[in-house]
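Trainee: This is the structure I have questions about; it appears just below.
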């Protein structure tokens, strides 16, 4: 494996880890009652995720250009999707720790009133025991309670999982389509914007408003924190499941993109 391809695997893990960790922001927002501050802090990681996605696309496109004559590199793309699943699983395991660290950072932001000041203080004051105290494994009790809970938003979670599957294959399928239609690979690669756009529309129209409502209800005490956490766990599991569904959509998506690229 080349250094460039190894970096693509690493960036894939990072992107999906950060995307999954976003659920810890909502829990931290409920615990602190300051959702906007939690989101503002997490936006630093979002910038890192977008930068990683840009490098990921660049390096993977270069890999395809070098291997275009082989007629396909399915195994590499399957492994990249597994890396996406791995990153999502790691992110899911880190949600309890993440929400504790973000809660502390929100309190610090409220005191320092400035992100640069908070970062400067954190660099000076951070200690290993601070991180160790925040470390928590997910409670299996919360997961097993999903079987007993009623009125969980299963349909909304399934829709989110499908949207995440589209987001996962958006880049990979559009680049893989270059193997099916080499003469139109530039057109095909740009169609990732359409796939990601469709997935984003689903998220913005349906799942994000729903998550926003239940987060506000939990903050205002209209919903129990236990039920809210179970909903978040359900969506985290849907996020991981979406990366697995992406395995089924990778090649059909690439063939469809290649077909559209020929006639667009």
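Every residue, every condition in (1) over 20 Å from the mean Cα position of the chain (by Cα); (2) over 15 Å from residue 167 (Cα atoms); (3) not in a helix (DSSP H, G or I), yes or no:
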{"residue": "4", "(1), (2), (3)": "yes, yes, no"}
{"residue": "9", "(1), (2), (3)": "no, yes, no"}
{"residue": "18", "(1), (2), (3)": "no, no, no"}
{"residue": "23", "(1), (2), (3)": "no, yes, no"}
{"residue": "27", "(1), (2), (3)": "no, yes, no"}
{"residue": "39", "(1), (2), (3)": "no, yes, no"}
{"residue": "42", "(1), (2), (3)": "no, yes, no"}
{"residue": "53", "(1), (2), (3)": "no, no, no"}
{"residue": "75", "(1), (2), (3)": "yes, yes, no"}
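Trainee: Here's something else I'd like to know. Kindly check whether there is at least one residue in region 159-173 that is farther than 30 Å from residue 32 by Cα, at pLDDT 90 or above, assigned to a helix (DSSP H, G or I) and over 17 Å from the mean Cα position of the chain (by Cα). Talk me through it step by step, then tell me what you get.
Mentor: Just the residues of region 159-173 that are farther than 30 Å from residue 32 by Cα, to begin with: 162, 165-173.
Subset that is at pLDDT 90 or above: 162, 165-173.
Narrowing the set further to residues that are assigned to a helix (DSSP H, G or I) leaves 162, 165-173.
Those still in the list that are over 17 Å from the mean Cα position of the chain (by Cα) too: 173.
Yes.
Trainee: Against the definition (within 14 Å of the chain's Cα centre (by Cα), over 15 Å from residue 171 (Cβ atoms), in a helix (DSSP H, G or I) and in contact (Cβ under 8 Å) with a residue 24 or more places away in the chain), how does residue 46 come out, yes or no?
Mentor: Working: within 14 Å of the chain's Cα centre (by Cα): yes; over 15 Å from residue 171 (Cβ atoms): yes; in a helix (DSSP H, G or I): yes; in contact (Cβ under 8 Å) with a residue 24 or more places away in the chain: yes.
Yes, satisfied.
Trainee: While we're here: Can you pull out every residue in region 23-43 that is free of Cβ contacts under 8 Å to residues at least 24 places away in the same chain and touching a helix residue (DSSP H, G or I) at 6+ places or on another chain (Cβ under 9 Å)? Break it down into steps so the answer makes sense when it comes.
Mentor: Here is the first cut: in region 23-43, the ones free of Cβ contacts under 8 Å to residues at least 24 places away in the same chain are 36, 39, 43.
Result: 36, 39.
The values are calculated or read from the model by the stated rules, or taken from the named source; none is laboratory data. Source: prediction; values computed, not measured. Here the Cβ is made from the backbone with ideal geometry for all residues, glycine too, and neighbour counts use every protein chain on show.
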